[in-house]
1. For the stretch 222-303, rounded, prolate or oblate, judged on the Cα gyration tensor with a ≥ b ≥ c (square roots of eigenvalues), a/c < 1.5 rounded, else prolate if a/b > b/c?
2. Just Gly219, Gly372, Gly105 to compare: in a GNM of the chain, with alpha carbon springs under 10 Å, which one fluctuates most?
3. Take the solvent-accessible surface of the protein heavy atoms, probe 1.4 Å, and return the percent of it on the stretch 320-371 that carbon and sulfur atoms account for.
4. Find out how many positive minus negative residues lie around Lys332, taking Lys and Arg as positive, Asp and Glu as negative, among other residues whose Cβ is under 12 Å from that of Lys332.
5. Under the rule that an exposed site lies in a DSSP loop and has at most 11 other Cβ atoms within 10 Å, name the longest stretch of the chain with no trypsin sites (Lys or Arg not before Pro) of that kind, not counting the sites themselves.
6. Hey, got the dipole for the chain? About the Cα centre, +1 on K and R Cβ, -1 on D and E Cβ, debye to the nearest 20?
7. Once neighbouring chains are kept in place and the probe is 1.4 Å, which whole percent of the accessible area of the stretch 67-135 is contributed by carbon and sulfur?
8. Tell me the Rg and the Dmax, in Å, that the Cα atoms of the stretch 320-371 produce.
Amino acid sequence: MEKSEKKKKLIFPENRGKGRQKLSHECDVCKKSFSQKSSLNTHKHIHRGEKPYHCDICDKSFSQSCNLTRHKRIHTGEKPFHCNVCGTSFSDRSALNSHIRVYTGERPFHCEFCGKSFSISATLTRHTRIHTGEKPYHCDICGTSFSQQSALNCHICGKSFSRSNILTTHKYIHTGEKPFHCDVCGTSFSQRSSLDSHKSFLTGEKPFHCDISNKSFRGKDSLTKHQRIHIGDKPYDCDICGISFPQKGSLTSHKCVHTGEKPFHCNVCSTSFSQQNALESHIRVHTGEKPFHCDICGKYFSQSNNLTIHQRVHTGEKPFHCDTCGKSFSQKGSFTRHIRVHTAEKPYHCDICGTSFSDQSVLKCHKRIHAGERPYHCGVLVYMFI
């Protein structure tokens, strides 16, 4: 028994001497007691709503200096508290204490109503609400109350959130409130992340870097989405065909294939598209804009994928390989047409005579026989060709 107690003291050095000091300073608001007057004064910041301690990196404010110290470790990545059993490190001492109880089996927090014990005080707090019926978390739209933060739902669209501040930000979408303002151009946003991305767009800054591909991004969300390409994470599944996608927007666009929906319309020629980026590329046909240029020969292109294909002329890259004969191709379309040589697939059919073809361009030429079209003229003789 003595050996066990000694081990616990080694693991929990911060517990030595706890309970020996007299708690003589009481808070007149919540009746909590403290051993030192300075601790009581610091505690009172919570009731007064005072947050005198500011983070000089992200401007967040805190009522207690210890909370600021813990918060700063998010930016620095510092984890000074180490488990002497498994070596795991933590940024917060309380997190280490909770972790160590996995090994000791200690459950120091007891329910005064039913006697159940818990290893984490927050778990006891949530459990106690079963007995008291307390529901301290309120939805400010519908007034519904909840006993746990994790039960916070948006009662307009049904989405669930694990943190109240995320739910609060989400509600701005429904209320139309835009509390985050750009101090450069005055534009307002419903989410801080949207404001940050907007500011990066104005400055040209891309502070978020992928350490695998070295690409940089204006917003953290964009980096997170990009990193799914490397790790192969595809969390968004199509409930119709089962195909998975790394981004929610890609899934939304994909579903238009099944529904036939084309919600993006060109205001010049009224052509409709299932994807926003397809519309943007199309509009450049009307504007003549070519924003993508080759830094080797200076040619300009209206679409980024055309630039990528063009650059392979200079690099000699041929990323599409035929497993049957070993030939390589610089363009996916050329590779797809080549594969049909081996498979004998002919997916393009003439709706007049039923003849099938492996290439769409050959079908197009074939149809001119039925239409009697001869669009190509010899400049010397008066012959016309299909």
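1. On the way: a/c = 3.46, a/b = 1.29, b/c = 2.68.
Here the stretch 222-303 falls in the oblate category.
2. Gly372
3. Values: 1830 of 3560 Å².
In the stretch 320-371, the share of accessible area belonging to carbon and sulfur is 52 percent.
4. Details: positive: Arg312, Lys318, Arg337; negative: none.
Spelling it out: positives minus negatives among the neighbours equals +3.
5. Working: sites that count: Arg16, Lys18, Arg20, Lys22, Lys31, Arg163.
Here the longest run is 164-386.
6. Numbers: 57 positive and 33 negative charges, 255 e Å.
Computed charge dipole of the chain: roughly 1220 debye.
7. Working: 2220 of 4400 Å².
Using a 1.4 Å probe with all protein chains present, the stretch 67-135 comes out at 50 percent carbon and sulfur.
8. 13.0, 40
The values are calculated or read from the model by the stated rules, or taken from the named source; none is laboratory data. Here the structure is a predicted model, which means the values were calculated and not measured. Because the Cβ atoms are built from the backbone with ideal geometry, glycine has one as well, and the counts that use them run over all protein chains shown. Heavy atoms of the whole protein, side chains included, go into the accessibility calculation; ligands, DNA and RNA do not. Shrake-Rupley method; radii C 1.70, N 1.55, O 1.52, S 1.80 Å.
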